[in-house]
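These notes are about the structure you will find just below.
None of the figures in this text is laboratory data; all of them are computed from the coordinates on show. Just so you know, these numbers come straight off a predicted model, no measurement behind them. Heads up, the Cβs are rebuilt from the backbone with ideal geometry, glycines too, and the neighbour counts pull from every protein chain shown.
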Amino acid sequence: MYAFTYERPKSVEEAVNLLKKSGEAKLLAGGQTLLPAMKLRLASPGTIVDLSKVAGLSGVKRDGNDIVIGAMTKHVDVMNSAEVQKSIPALAHLVSVLGDPAVRNRGTIGGSLANNDPSADYPAAVLALNATVQTNKRKIAADDFFKGLFETALAGDEIIEAVRFPVPEKAGYEKFRNPASRFALVGVFVAKGKDGARVAVTGAGESGVFRVKEMEAALGKDFSAKAIEGIKVPAKGMIADLHGTAEYRAHLIGVLARRALAAAK
Amino acid sequence: MSATGIGAAVRRKEDQRFITGTGNYTSDISRPGELRAYFVRSPHAHATIKKVDTKAAEKMPGVAAVLTGADLANDKIGGLICGWAITSKDGTPMKMGAHPAIAADKVRCVGDAVAVVLAETLRQARDAAEAVEVDYGVLPSVVDPAKAAAKGAPQIHDVAPNNMIYDWHLGDKAATDAAFASAKHVTKLDIINNRLVPNAMEPRAAIAEYDQGNDALTLWNTSQNPHVARLVISAFVGMAPEHKLRVIAPDVGGGFGSKIFIYPEEVVALWAARRVKRPVKWVSDRSEAFLTDAHGRDHVTHAELAIDANNKITGLRVHTIANIGAYMSTFSSSVPTYLYATLLSGQYAIPAIYAEVDAVYTNTAPVDAYRGAGRPEATFVVERLVEVAARELGLDPAEFRRKNFVKSFPHQTPVIMTYDAGDYDASLTKAMDLIDYKNFGKRKAESEKHGKLRGIGFSTYIEACGIAPSQAVGSLGAGVGLWESAEVRVNPTGSIEILTGSHSHGQGHETTFAQLVSDRLGVPIETVSVVHGDTDKVQFGMGTYGSRSGAVGMSAIVKALDKIEAKAKKVAGYMMEASGDDIEFKDGKFTVKGTDKSVGWGDVTLNAYIAHKFTGGQLEPGLKEGAFYDPTNFTFPAGCHIAEVEIDPETGKTTIAKWVAVDDFGNIINPMIVEGQVHGGIAQGVGQAMLEGASYNSDGQLVTGSFMDYAMPRAADLPSFKVDTTVTPCPSNPLGIKGCGEAGAIASPAALINAITNAVGHENVPMPATPSTVWKAAQGGMKKAAE
Amino acid sequence: MSNVTVTVNGKSHTVDVAPETLLVELIREKLRLTGTHVGCDTSQCGACVVHVDGVAVKSCTMLAMTADGASVTTIEGLANGSALHPMQEAFREHHGLQCGFCTPGMIMSAVDIVNRKGSDLDEHTIRDELEGNICRCTGYHNIVKAVAAGAKAMKGGAKPARAAE
């Protein structure tokens, strides 16, 4: 790791000021992606603003028809939340297949979303459930939040405070793990909400998480595996690497979407 | 059998420190005043070094020195060598290019060291390493062994035109060609034996310390054979005379072959420590390990099997291109030759075999022995050929094997080896029973009901272990003998230290070796300790690899114990006023034959040292004996592994439903430890077959440079294994043991690929059979079925 | 450099560290507790797992500064004096280790599994839960057996990890 200045603010306001003060500052949430990148010297922030002591950023609560999850809520706490398990079991399932137990004990939802790894699990849930990302400045709709590989709509001095998930009628998540990294080779989140069906795919897209509109249209009428049987996702725009061709990933999207639908609750 | 003797599942003595976090691995050691070393490594696969500018780096905080290949050459530190001379068909010696520990003129693979920074802290060293400016002249590179010798390929070492190190052959070409000419059926296969990264969980490390007053050096390193390291670093690298160099390999966290070799970093650490007169510590990180540890396998092979009208195998011929990497690592030349082609007869009576092996340089990390070393590659060739042949001929693969098994011993193969003992029918039969082979069809039908494909695959393997008779390997080009040493030191109070040239890095020698002594001398196992891994304590030894420590290392202990017993009997004789010849020794008691006069072990050991019962003229005091054991033959562990898989054709996910291993390791000292060795070997073989594959892109960059892209087997990738044994004792060593360390890794890849190809219905499934590969293969299989 | 105060294996330490110091570096290099190992640089192998405030954490992926005020248990703190923790005992009894390098992390993860999932663990659960721990020696066969047995023994009244309570 390169040397850096370490700051541990107690409030969001303090954290924002630190971000403004230093151009090269980076927020540290659970650190499960940032710290490995820093160890390999792939990231070199001049200042680390550790959010672990900022009050009020953790916890899961029900707010009307929404589940609101604080940005610093650890994966394990989302997974074990009775509220999440009851209202959005697919989200609890997604977290249970994310990383490993030790990673889930440190990693946070806000950290994962701000990083927007193209193979991360959370972006698929946020996009499919049409969640809203609440920051210190504004509310960002999921469709506007993800901007491509490791890029989001967040400004340099913007901090995610919470994520608001509308409770769906039904949702499911199916993940096929990359055999090496255990990230999603492909992950498909399907959800039926009040505005219709949404299908979000992680791991496969060259530009990160994306929606499959053709499936959504079919599922709007009939939210079942059968409804999307004939739909083929084109290989164009899919990641191709050592672990799978673009064709394989495109094919897996169909398989996993059908399985997610079959398991949806 | 006593509770701690031969054959007992004694719980391991070494575990106490490992389960309490009090082991002592090289990276746990810190020497006062030590500097941390960090290497500047080439980002290019092939380039000339035009200039290395260290000025900026030298001025950075905490930096003690920045050393380059030119400095190394100025100090006349020699290069690394390959210790096994292989001769080409035309009688010319192999073409070994120079391998300086730090490159001075040219880099030949990504990760080649071009400078080393020594600083007070690791971070300072790493920061300064980034400030070293290297001006490279980038050259075209080649990574594919099949293309390395092609016309116009980049030339890697001047001494090896067309990158050809040797073109070697073994066997009778004319007889083999004749067998093929008269064959009724010929099975042909093209095989890529995928390149693997050993990935012992403990990354390599070295700490070097210079004692100015005595002009002596000490090296702590992660070595499987510290004495060989000392010999090479002394005699070939010219670092220091052997008696002025001490090498200590403390607890070592797994090796699997990769820690046999002498590496640049330990040479540099020694040299640097003497130059700056401070201890120097280097610890590899995992990314560095991927680039610089010797890799394994990497063969491109065409193989053919000739079969007559009676379904008897009449001939086998093989052409293999072996990738040696950018430099010839310590034993690299022997792996694709004498450790490979000599096993191509498998468990079968094959009258004619001919093998040709071309070894080539490429711009990749060096390739050398990795668990099994040549024998997994041979087994994969033979067991794939045999399985495919049976399928092509419409024969049951088990019965086709049985029909061709070697059935009488000793059996001389056409490729050097003389198999001494075995019962291949017995292990095959037992394995088939254990996996319930006769009901496989029912299980397959059940899987199909759920849309799954099911397949079963055999691997009846053989390996040559107990490496090796020195004179024999010497005649084949080995630069060293492959005997083993032991010294038994009995203390006056009767406790015992066993000093062995073997080295344990997970194998449990501290327990099994002590079991042998406890069994033989009738003493409590707690009173026996095993000393290894320190050249100042153990006089010389050849180390641990090739499943040799039981068959060779323990045989040396047996020889030394014979001498101890003989001398102790003499002492007992003087104590009881009887002739030593009249003393019987049993269960720790010395008895005068035909009387009830006896003395105990502790009495005798004490009397050996106080020496009151005999004069100096009658007997030397003390009780300490040493022995060197040179085996008279290889040993031949063999057995049968059967894998059963279920495949989800929609995703290509392969689940191992069942795994049965029945091995013949001869006599077994500790069945618990032996089973553990089998489990671990299978896991590595499954890794090769399903998960692991080192991959370079066309620019010579290692694409699989971390665990993010190189798939290591996790717990959920594997099943529990059903492991059993059959026993034919090895006739060539006193304990009748054959060795068990590599069997799992040797047998398993073929079993698994045979099962997967059986499930998908065709043979085109390369390793590693990852989900995407199997998915594609399953699509192909379904297409084929539909036609 | 800044001060960090951590309680490690029941003993409080105040140590001056650079901000970039990882928890594992604090443990190994400053406190010289070398039982916690480093086997990779991508937070995957789990050789460095310790308990921080009672839960398993990869100590190579946490800043020492972030651990300020925390209670840490390492493999050295698991045994109760000379009495081994039942999970340690189970690893020995079932030959759940060979070279021993991954073992401290394996045992710390195993204790964490039992703390979270209870004492009746089936093979599937154990294999899934060991996702973040890589062993190259054992093929996991005996590790799985050891974790199951250790879990049962922990139920038998043996004291679980010291941190957290």
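Sorting check: for B:53-62, A:23-32, which peptide has the highest mean count of neighbouring beta carbons within 10 Å, and how do the rest follow? Write down the numbers at each step before the final one.
Numbers: B:53-62: 15.4, A:23-32: 21.4.
In decreasing order of mean packing, B:53-62, A:23-32 become A:23-32, B:53-62.
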Two-site FRET efficiency, A:Lys213 against B:His302, from Cβ-Cβ distance with R₀ of 60 Å, rounded to 0.05: 0.75
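When a footprinting reagent is the concern and you count Cβ atoms within 10 Å, what order do C:Tyr140, A:Tyr2, B:Tyr424, B:Tyr696 take, fewest first? Don't skip to the end; give the middle numbers.
Values: C:Tyr140 29, A:Tyr2 14, B:Tyr424 26, B:Tyr696 23.
Fewest-to-most Cβ neighbours within 10 Å comes out as A:Tyr2, B:Tyr696, B:Tyr424, C:Tyr140.
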Kyte-Doolittle mean at least -1.0, axial Cα span of 20 Å or more - DSSP H helices of chain A: A:246-263
Chain C - Rg and Dmax from Cα coordinates, angstrom: 15.2, 47
Pair B:Ala70, A:Glu229: separation of 7 Å Cα→Cβ label points (nm): 7.4 nm
Debye intensity ratio in log₁₀ form over the Cα atoms of the range C:86-155, taken at each q of 0.19, 0.23, 0.25 Å⁻¹: -0.60, -0.91, -1.10
q = 0.11, 0.14, 0.26 Å⁻¹: log10 I(q)/I(0) that the Debye formula gives for the range C:2-77, counting C-alpha atoms only: -0.21, -0.35, -1.32
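When you count, for each residue, the other Cβ atoms within 10 Å and take the mean per peptide, how do C:47-59, B:82-94, B:513-525, B:244-256 rank with the highest first?
Working: C:47-59: 26.9, B:82-94: 15.8, B:513-525: 21.8, B:244-256: 24.2.
Those peptides, ordered most packed to least, come out C:47-59, B:244-256, B:513-525, B:82-94.
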The range B:632-678 shape via C-alpha gyration tensor axes, a/c threshold 1.5: prolate
For A:Leu28, distant residues with modelled amide H under 5 Å away: A:Val49, A:Asp50, A:Leu51
Prolate/oblate/rounded label for chain B (Cα gyration tensor, a/c 1.5): oblate
Label-to-label distance, nm, for residues given as C:Ser82 and B:Asp396 (7 Å Cα→Cβ offset): 6.0 nm
Residues in the range A:114-145 reached by a label modelled at A:Lys21 [backbone nitrogen below 20 Å; 7 Å Cα→Cβ]: A:136
Kirkwood hydrodynamic radius over Cα pairs of the protein assembly as shown, then Stokes diffusion coefficient at 37 °C and 0.692 mPa s, in µm²/s: 103 µm²/s
Number of partner chain Cβ atoms within 10 Å, mean per residue of C:51-64: 5
Loop GluC sites (Glu not before Pro), the range B:524-629 (other Cβ atoms within 10 Å of the site Cβ: 16 or fewer; DSSP): B:Glu577
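Using a 10 Å cut-off on Cβ to Cβ distances, tally the other chain neighbours for every residue of B:123-129 and report the average as a whole number. List each step's numbers first, then the result.
Details: counts 7, 1, 0, 3, 3, 0, 0.
What the average comes to for B:123-129 is 2.
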Label-to-label distance, nm, for residues given as B:Glu58 and A:Ala263 (7 Å Cα→Cβ offset): 6.2 nm
Gyration tensor (alpha-carbon) shape descriptor, the range B:435-594, a/c threshold 1.5: prolate
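How would you rank B:Asp285, B:Asp177, going from fewest to most other Cβ atoms within 10 Å of each one's own Cβ? Walk me through the numbers on the way to the answer.
Values: B:Asp285 19, B:Asp177 15.
Fewest to most other Cβ atoms nearby, the residues stand as B:Asp177, B:Asp285.
When you look at the Cβ of every residue in B:676-688, what mean number of other chain Cβ atoms sits within 10 Å? It would help to have the intermediate numbers written out before the result.
On the way: counts 10, 4, 2, 9, 10, 2, 2, 7, 3, 1, 1, 2, 0.
Mean inter-chain Cβ contacts per residue within 10 Å come to 4.
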Fully extended contour minus Cα-Cα distance, from B:Lys563 to B:Ala85, at 0.36 nm per residue: 168.4 nm
Most mobile of A:Arg138, A:Arg41, A:Arg177 in a GNM of chain A (Cα contacts under 10 Å): A:Arg41
Cβ-based exposure ranking for A:Ser96, B:Ser27, B:Ser223, B:Ser408, in which fewest neighbours within 10 Å come first: B:Ser408, A:Ser96, B:Ser27, B:Ser223
Top of C:Thr42, C:Thr21, C:Thr73 by mean-square fluctuation, Gaussian network on chain C, Cα under 10 Å: C:Thr42
Residue-averaged [θ]222 nm for the protein assembly as shown, counting only DSSP H segments that reach four residues, each worth -39500 (n - 2.57): -8500 deg cm²/dmol
Most fluctuating residue given options A:Gly254, A:Gly46, A:Gly70, as computed from a GNM of chain A linking Cα atoms under 10 Å: A:Gly46
Full-extension gain in nm, B:Asp433 to B:Lys586, via 0.36 nm per residue minus C-alpha separation: 51.0 nm
The range C:20-165, dipole about Cα centre (Lys/Arg Cβ +1, Asp/Glu Cβ -1), debye to the nearest 20: 360 debye
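Rounded to a whole number, what is D in µm²/s for chain A from Stokes-Einstein with the Kirkwood radius over alpha-carbon pairs (10 °C, 1.306 mPa s)?
Result for D is 85 µm²/s.
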B:Ile610/B:Glu120 FRET efficiency (R0 56 Å; Cβ-Cβ; nearest 0.05): 0.55
Whichever lysines have a C-alpha closer than 22 Å to that of B:Lys259, once near sequence neighbours (fewer than 8 apart) are set aside: B:Lys281, B:Lys537
Residue-wise HN-Hα coupling along the range B:644-652, computed from phi with Karplus coefficients 6.51, -1.76, 1.60 (Hz; x: Gly, Pro): 10, 10, 10, 10, 8, x, 6, 10, x
Gained length - B:Gln16 relative to B:Lys184, 0.36 nm times residue gap less alpha-carbon distance: 54.4 nm
